[in-house]
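Trainee: Pasting a structure here, questions to come.
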Amino acid sequence: MGVLYDYFRAADDEAVAALMAATNGGPLVGPAAPAEADVVEAKGVDPSVVLGQAVSLALDVPWAVDLVGDRLIWPDAAAAQAEHDGPWVVRLGDRVRDVLAAVAEDRLPALADRWSRIEELSWGEPAGMLPVLRLLVGLARRAQASGQHLYCWMSL
């Protein structure tokens, strides 16, 4: 089993903290998940590297380690330093939301094809990345339209 990554949108970090409290740290999908959560399951798509490469391809710029601008927001820093072994939530930079939201529908197939060829996705099928990319773009559009931010819940 690999690391699980679930992307979701929320108004702010406080709303995420409340969501984590209500779900005992997640997960945000499955039978115990809150019905109001807008979540995209993206197993194997970590925010910094794999999602970051999709963003770099959409922008047509080289990937860089700080492109996504993610930062840990849950648990708080003290809990994270106390040998916390997950889960965690990071907030993605709003630039990621805006870049994904701006990807035109007709660009998605070619972008997904290029994204599927990165080394980190060598385990997957190229055709399988288009639905994931469509879901992430849709989530970003809904977040942008409602003035929300994108977050990633991850667990080992």
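Trainee: Between Val3 and Leu59, what is the FRET efficiency for a Förster distance of 35 Å, r being their Cβ-Cβ separation, to the nearest 0.05?
Mentor: Rounded to the nearest 0.05, the efficiency is 0.90.
Trainee: Just to check I understand the Karplus step: with θ = phi - 60° and J = 6.51 cos²θ - 1.76 cosθ + 1.60, what whole-Hz values come out for the range 19-25, glycine and proline as x?
Mentor: Along the range 19-25, the couplings run 5, 5, 5, 5, 10, 6, x Hz.
Trainee: Select from the range 1-89 those trypsin sites (Lys or Arg not before Pro) which occupy a DSSP coil region and have at most 13 other Cβ atoms within 10 Å, ordered by residue number. Could the numbers behind the result be given before it?
Mentor: Values: sites: Arg9, Lys43, Arg71; in loops: Lys43.
The qualifying sites are Lys43.
Trainee: Quick one: ranking Val68, Val49 by accessible area, 1.4 Å probe, largest first, what do you get?
Mentor: Values: Val68 0, Val49 40 Å².
Per-residue accessible area, sorted high to low, gives Val49, Val68.
Trainee: Still on this structure: Using a 1.4 Å probe, how large is the accessible area of Glu36, given in Å² and rounded to the nearest 10?
Mentor: Near enough 150 Å² of accessible area.
Trainee: For the range 13-156, with every protein chain kept in place, what is the accessible area per residue (1.4 Å probe, Å²)?
Mentor: 51 Å²
Trainee: Each residue of the range 26-36 in order: what ³J(HN,Hα) in whole Hz does its phi give by Karplus 6.51 cos²θ - 1.76 cosθ + 1.60, θ = phi - 60°, with x for Gly and Pro?
Mentor: Ordered by residue, 3J(HN,Hα) equals x, x, 9, 10, x, x, 8, 6, x, 4, 7 Hz.
Trainee: Would you compute, from DSSP H runs of 4+ residues alone, the mean residue ellipticity of the chain at 222 nm, taking -39500 (n - 2.57) per run and dividing by the full residue count, rounded to the nearest 500?
Mentor: After summing the helix terms and dividing by the residues of the chain, the value is -11000 deg cm²/dmol.
Trainee: With a point put 7 Å past each Cα toward its Cβ, work out how far Glu14 is from Asp76 in nm, to one decimal.
Mentor: Calculated label separation equals 1.4 nm.
The values are calculated or read from the model by the stated rules, or taken from the named source; none is laboratory data. Quick caveat, the model's predicted, so the values are computed rather than measured. Because the Cβ atoms are built from the backbone with ideal geometry, glycine has one as well, and the counts that use them run over all protein chains shown. Surface accessibility is based on the protein's heavy atoms, side chains included, excluding ligands, DNA and RNA. Shrake-Rupley method; radii C 1.70, N 1.55, O 1.52, S 1.80 Å.
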